[in-house]
Ligand code: ACO
């Protein structure tokens, strides 16, 4: 077998979510908003939120332990840990080192990647490349976000959208040549990043620099503009992947899109002429959990027996900066 013919696959999935749930009705009490506005404009009903002293690393570790257990692997079997997040506990130490420590993965190299909502797809594609060159490696890819910590709870157009959570997968050599990761697309759109920012905490400004308004320590988004770019980009990514692999949309068994807004997902579903059964949606429960949204959806889809052997699974994401990614998998 040549190295290039090695296929990587997701061997197992684990997730962990904070137990505190914030409903639209709860938000009605603190904001000038309504359950009907949020449901109609976003599809979101509830989101899981960290308690005051709770850390997202705790959930990343729990998700990782579950994924390892399911894959029947010891933490020491891991060669690499990749954490996709833009809301780690700290800038340093990274989330990946906290996960390494928390699960006892003493033989693993670790790094974080920051590609916002596309982060998990970026992470999977990196793992895929490592497996092609090191077929015996086992890699943990984690998507984890503590978005509630980076939300301006007075900004009703943005704070209603996000939730916290973590998902983790173990990636290794596919047990069969016929299944595994087939192809992926990664990309980014320049010149639009100012529509969605989180400036505070970076090195442009020194800590507590008075030139930076306090609101800049939270996610700021021009939602309508972001929406238009998201819809167009997700369609382009999907069609690029399908065309390149000579696959017609009806051959997709399950589309697992990043969960940012039900209207964005519906737009894509209709463009591809897919039935509702072929598109996985859980945004109503979790809101947008950024890099965690796809592994959480994958986990649930598997639990509902929607990831059957040889199924064609397509996952696409778009997020701040603006990054995008898509991945095609034969399960
Ligand atoms: N409750 C009630 N009214 C509201 C709320 C709210 N929570 N939020 C906004 N409104 C009002 C606005 O003030 C506005 O009122 P006006 O017409 O009197 O000015 C009206 O509702 C319409 O506001 P819009 O912003 O135009 O609403 P829109 O339909 O665009 O929905 C939303 C906003 C949900 C944010 C949408 O634009 C969206 O989902 N955008 C894309 C988000 C996304 O995909 N982000 C990328 C990933 S995120 C990441 O990477 C971190």
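Read-outs throughout are calculated quantities, based only on the coordinates presented, and are distinct from any laboratory measurement. Everything numeric here is computed off the predicted structure, so don't read it as measured data. We place every Cβ from the backbone using ideal geometry, glycine too, and count neighbours over all the protein chains shown.
Side notes on the structure shown:
- Ratio of Rg to Rh for the stretch 3-173: 1.04 [Cα atoms; Kirkwood radius as inverse mean 1/r over pairs].
- If you bin all the Cα-Cα distances of the stretch 180-330 at 5 Å, starting from zero, the percentages per bin are 2, 9, 18, 20, 18, 12, 8, 6, 4, 2, 1, 0.
- One quarter of the convex hull surface built on the alpha carbon atoms of the stretch 129-183 amounts to 5.6 nm², the projected area averaged over directions.
- Choice from 293, 16, 194 showing the highest fluctuation, given a GNM over the chain with Cα pairs closer than 10 Å: 194
- For the stretch 86-117, the residues whose amide N sits under 18 Å from a probe point set 7 Å from the Cα of residue 205 along the beta carbon direction are 91.
- Simple spin-label estimate for residue 155 and residue 26 in nanometres, 7 Å along Cα-Cβ: 2.1 nm
- The ratio of the alpha-carbon radius of gyration of the stretch 211-291 to the globular-protein estimate 2.2 N^0.38 Å is 1.32.
- Cα radius of gyration and Dmax for the stretch 103-256 (Å): 18.9, 58
- Among 309, 25, 66: highest mean-square fluctuation, GNM of the chain, C-alpha pairs under 10 Å: 309
- For the chain, the direction-averaged projected area of the alpha-carbon convex hull comes to 16.5 nm².
- Contact order normalised by residue count of the chain, Cα under 8 Å, 6+ apart, percent: 25 percent
- If you run the Gaussian network model on the chain, springs between alpha carbon atoms under 10 Å, then out of 306, 228, 132 the most flexible one is 228.
- Mean residue ellipticity, 222 nm, helices only, the chain: the sum of -39500 (n - 2.57) across DSSP H runs of n ≥ 4, divided by residue count and rounded to 500, is -9500 deg cm²/dmol.
- Residue 188/residue 263 FRET efficiency (R0 30 Å; Cβ-Cβ; nearest 0.05): 0.80
- Counting DSSP beta bridges with both ends in the chain, the antiparallel % (nearest 5): 70 percent
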